[in-house]
Amino acid sequence: MTKIVNHWIGGKPVAGTAAESGSYGPVTDPATGAVTTKVPFATVEEVDAAVAAAKDAYATWGTSSLAKRTAILFKFRALLDANRDAIAELITAEHGKVHSDALGEVARGLEIVELACGITVQLKGELSTEVASRVDVSSIRQPLGVVAGITPFNFPAMVPMWMFPLAIACGNTFVLKPSEKDPSASVKIAELLAEAGLPDGVFNVVHGDKVAVDRLLEHPDVKAVSFVGSTPIARHIHTTASANGKRVQALGGAKNHMLVLPDADLDAAADAAVSAAYGSAGERCMAISTVVAVGAVGDELVAKIRERAEKIKIGPGNDPASEMGPLITAAHRDKVASYVTGAAAEGAEVVLDGTGHTVEGFEDGHWLGISLLDKVPTTAKAYQDEIFGPVLCVLRVDTYEEGVALINNSPFGNGTAIFTRDGGAARRFQLEIEAGMVGVNVPIPVPVGYHSFGGWKDSLFGDHHVYGNDGTHFYTRGKVVTTRWPDPADAPTGVDLGFPRNH
């Protein structure tokens, strides 16, 4: 029997009205291709109900003490830790990534929960005394109200946890619209928050498609929207929500480059390229999808990458022997495969062709094998587009300067990396490169929780990155208070405060 995932509104599961309308989306097991779950697509009225529940909860949550908020988050952190395997299993079942990758996702989400547990330091205000005679000025930060998160399929637990822990710690209430492709992890998180004692309505989940998204973007009671996804949709989110007077942080796509200098440790660089390109089947915005080899290093580097890539064990995510799982849907698998099948005609050399790959016993799964393209021209679609799959492109340049110019010419500016033994070259790179996150001998430079995550150019729309200090600032607004009090010694005649008179 196919499972049906419910919305979570006002502290309880809500079946929704899709039963009458038939507006469901299929959730498949990527390893088998079988539909295992149906997810209801929310109507405008259901989105409104979730926002109304969040607005009602804000009336008391927004003025609750920091001690109460953080105490609940501490309990949630403990429950999340105790249930990390269960959440990872849901991720593997619906996304397809191997269990170790799914556990890593939960661990990175836990970092932000822990940051939110210590939010008291980030919410401290400022005070200047005696800016004029008996005049003090203070700055405080206050919550916004109801905020929304719209999150992608590739990290169904981690990306929501980049958002809601800080949002609710700051005193906001939250409406999450997760990906309809793997929705179960978000509902499990909602159940754990309720078990931790979070008041009804502070955290809500509505499933759906463009109808639900657009209603959140235009709803007058939603004060801010956080989004992670592709660049075209990020641009739409930013434009539409901003036009409706909302604060927006919209993280878009990426084409992350790894520059390998001739002095680099090629074994370390090859290891890094393989793990960063093919981990989680390449379905992550911080994947290294392009290696830029400088000088004569290219042939040896490609040989080392190929040697390692051919050994990757591909299979179901719940098989402990698997190192890479299937792609999320058959349609996405076919789109990714098209970049490989069309690469030679665009001038690339196909070193490894993963199209047509199958796994015995799981022939209907969404499989794509490891693909490696060498000598890729910058005009090729495989280079220009965000592929979001297990396809690694290698480009050749003659000099460091040429490599930097190539990377900076990309419309994306999410993450990048350099592999070198030269500290001076690394220093120049981190200053000259136009990207929001830079790795030095680190292939996927995702910042730790207390620094902020975000790119430049077409990889970010809005002024704030996610989590870290930027996250706290995004989910609060500043207020400056100027006060002047008379000296108590100047109290009116007849009022004795115990101070000597100033006359």
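Overview of results
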| read-out | value |
| --- | --- |
| Estimated inter-spin distance, Val448 and Ala489, nm [label 7 Å along Cα→Cβ] | 5.2 |
| Furthest towards positive pole of dipole, Leu166, Val376, Gly454, structure part the chain, Cβ charges | Leu166 |
| Sequence of Leu115, Leu66, Leu251 when ordered by accessible area, the most exposed leading, probe 1.4 angstrom | Leu66, Leu115, Leu251 |
| Value at 222 nm in deg cm²/dmol, rounded to 500, when DSSP H runs of n ≥ 4 in the chain each add -39,500 (n - 2.57) | -11500 deg cm²/dmol |
| Taking segment 405-461 and dividing mean pair separation by its residue count, relative contact order in percent (alpha carbons under 8 Å, at least six apart) | 44 |
| Of the chymotrypsin sites (Phe, Trp or Tyr not before Pro) in segment 361-468, those whose Cβ has at most 16 other Cβ within 10 Å and which sit in DSSP loop | Tyr450 |
| Residues Ala86 and Thr358, FRET efficiency given R0 of 30 Å [Cβ-Cβ distance, rounded to 0.05] | 0.50 |
| Exposure rank, largest accessible area first [Arg477, Arg396; 1.4 Å] | Arg477, Arg396 |
| Rounded percent of accessible protein surface that carbon and sulfur make up, segment 171-297, 1.4 Å probe | 53 |
| 3J(HN,Hα) from dihedral phi, segment 266-275, Karplus parametrisation 6.51/-1.76/1.60, rounded to Hz, x for glycine, proline | 5, 5, 5, 5, 5, 4, 5, 4, 5, 5 |
| Ordering of 328-339, 97-108 by burial proxy (mean other Cβ atoms within 10 Å per residue, highest first) | 97-108, 328-339 |
| Residue-wise HN-Hα coupling along segment 209-219, computed from phi with Karplus coefficients 6.51, -1.76, 1.60 (Hz; x: Gly, Pro) | 10, 4, 4, 5, 4, 5, 5, 5, 5, 9, 5 |
| Gly436 long-range amide H proximity, modeled H, under 5 Å | Asn414, Trp456 |
| D_trans [Stokes-Einstein, Kirkwood Rh over alpha-carbon pairs] for segment 167-296, 37 °C, 0.692 mPa s, µm² s⁻¹ | 186 |
| Charge dipole of segment 231-351 about the Cα centre (unit charges at C-beta), most positive-ward option of Ser322, Leu261, His332 | His332 |
| Nonlocal amide H pairs with Val205, under 5 Å, H built at 1.01 Å | Trp8, Ile9, Leu176 |
| Stretch gain in nm, segment Asp200-Asn244, where the contour uses 0.36 nm per residue and the Cα spacing is subtracted | 13.1 nm |
| Theoretical gain in end-to-end length, Glu323 to Thr2 [0.36 nm per residue, Cα-Cα removed] | 112.7 nm |
| Dipole magnitude (debye, nearest 20) for segment 60-134, charges at Cβ of Lys, Arg, Asp, Glu | 420 |
| Separation of alpha-carbon centers, segment 1-64 and segment 116-180, rounded to whole Å | 25 |
| Relative contact order (percent, whole number), segment 364-461, Cα cutoff 8 Å, 6+ residue spacing | 23 |
| Length released on extending from Lys12 to Thr379, taking residue separation times 0.36 nm less the Cα-Cα span | 127.0 nm |
| Rounded to whole Hz, the Karplus (6.51, -1.76, 1.60) HN-Hα couplings of segment 444-454, x for glycine and proline | 10, x, 6, x, 5, x, 8, 10, 9, 10, x |
| Furthest towards positive pole of dipole, Ala34, Phe203, Leu251, structure part the chain, Cβ charges | Phe203 |
| Listed residues Lys124, Lys304, Lys479 arranged by accessible area, highest first, probe 1.4 Å | Lys124, Lys479, Lys304 |
| Segment 142-279: relative contact order as a whole-number percent, Cα under 8 Å and 6+ apart | 22 |
| Student exercise, the chain dipole from Lys, Arg, Asp, Glu Cβ charges, in Debye to nearest 20 | 1360 |
| Computed magnitude of the charge dipole of segment 1-146 (debye, nearest 20; Cβ of K, R +1, Cβ of D, E -1) | 380 |
| Simple spin-label estimate for Glu402 and Val135 in nanometres, 7 Å along Cα-Cβ | 6.3 |
| Heavy-atom surface of the chain, accessible at 1.4 Å and reported per residue (Å²) | 41 |
| Whole-Å semi-axes of segment 1-145's equivalent ellipsoid (Cα gyration tensor) | 40, 23, 12 |
| Glu310 paired with Lys479, simple spin-label distance in nm, labels 7 Å along Cα-to-beta-carbon | 6.6 |
| The chain - convex hull of alpha carbons, volume per residue in Å³ | 176 |
| Set of lysines with alpha-carbon distance to Lys313 below 18 Å, sequence-local pairs under 8 removed | Lys97, Lys304 |
| Residues Asn469 and Ala107, FRET efficiency given R0 of 22 Å [Cβ-Cβ distance, rounded to 0.05] | 0.55 |
| Residues of segment 371-395 with amide N under 14 Å of a point placed 7 Å along Cα→Cβ from Ala345 | 380-382 |
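The values are calculated or read from the model by the stated rules, or taken from the named source; none is laboratory data. Everything numeric here is computed off the predicted structure, so don't read it as measured data. A quick note on method: Cβ atoms are made from the backbone with ideal geometry, for glycine too, and the neighbour counts reach across all protein chains shown. Accessible surface areas use protein heavy atoms only, side chains included; no ligands, DNA or RNA. Shrake-Rupley method; radii C 1.70, N 1.55, O 1.52, S 1.80 Å.
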